[in-house]
Amino acid sequence: MAIQKEVLRQIIKENDLKSVGNVSALLKESFKDLLQELLEAELDVSLGYDKNQKNEANTDNKRNGHYPKTVKSTLGELKLDIPRDRNG
């Protein structure tokens, strides 16, 4: 999946990307945000209902906060908030 050039130009303009360091920082933050959303979506699927939605699934398991975790990537260390459920 490729990002359209118009979208890329808009991102460059909005974030004032003028150096490789700026681009690297934006990529790192975007990758972190993407991973965070994927972790939340994984828990949604596991529990059978979305966050901020009443538990309509037939389960006693529920969300139980987050715990911090630092992971290493090719973009550097990323500090994530790992969602957890009551059943662990």
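The values are calculated or read from the model by the stated rules, or taken from the named source; none is laboratory data. Note that the structure is predicted; figures quoted are calculated from it, not measured. When we count neighbours, we look across all protein chains shown, and the Cβ atoms used for this are built from the backbone with ideal geometry, even at glycine.
Across region 29-88, which residue is modelled with the lowest pLDDT among those that are within 30 Å of Asn15 (Cα to Cα) and β-branched (Val, Ile, Thr)?
For region 29-88, the residue satisfying everything is Thr74.
Please specify each residue of region 1-39 satisfying the condition of being free of Cβ contacts under 8 Å to residues at least 12 places away in the same chain and charged (D, E, K, R).
Lys5, Glu6, Arg9, Lys13, Glu14, Asp16, Lys18, Glu29, Asp33, Glu37 - these are the residues of region 1-39 that are free of Cβ contacts under 8 Å to residues at least 12 places away in the same chain and charged (D, E, K, R).
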